[in-house]
Amino acid sequence: MCPSTWINGLRVFRDFDHFTVYRIKQLLDDSGVPCYLKNEYIAGAIGEVSPLDAQPEVWIADDEWQPKAQRLIDTFMTENQAKQGQASWLCSGCQEVNEPSFNLCWQCGTARPD
Ligand SMILES: [Zn+2]
């Protein structure tokens, strides 16, 4: 199905953290919720678009899926936080958001702030 035909689509999640966005997409796919990604490739274009618009987003094909999608996402985020016990961190060098498990920025190598 072509995403452009999904006129009733609804954004259910967005985040600067691409890993999380992809995992949400995968989660919805695995649960049979029709969904697709937006802004997947424009992270390198920050500076030309506003940073808020540059976040990758997960959209569902139809808003009738919203309750199920929201429940899946809520569960995922709760489990995710419980597992990691700490939040993602923002690099002071390049403003990239890093996974809690990283001690160095994956993009520029700056050490994680205390
Ligand atoms: Zn960095």
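When LYS83, LYS68 are screened for being modelled with pLDDT under 75, part of a helix (DSSP H, G or I) and not polar (S, T, N, Q), only LYS83 passes. The one condition from (1) more than 16 Å from the ligand (Cβ to nearest atom); (2) modelled with pLDDT of 85 or more; (3) more than 18 Å from PHE16 (Cβ to Cβ) that GLU57 does not meet is (3).
For the stretch 4-47, the tally of residues that are surrounded by fewer than 16 Cβ atoms within 10 Å (Cβ to Cβ), outside any strand (DSSP E or B) and at pLDDT below 80 stands at 11.
The values are calculated or read from the model by the stated rules, or taken from the named source; none is laboratory data. These figures come from a predicted structure and were not determined experimentally. All Cβ positions, glycine included, derive from the backbone under ideal geometry; neighbour counts span all protein chains shown.
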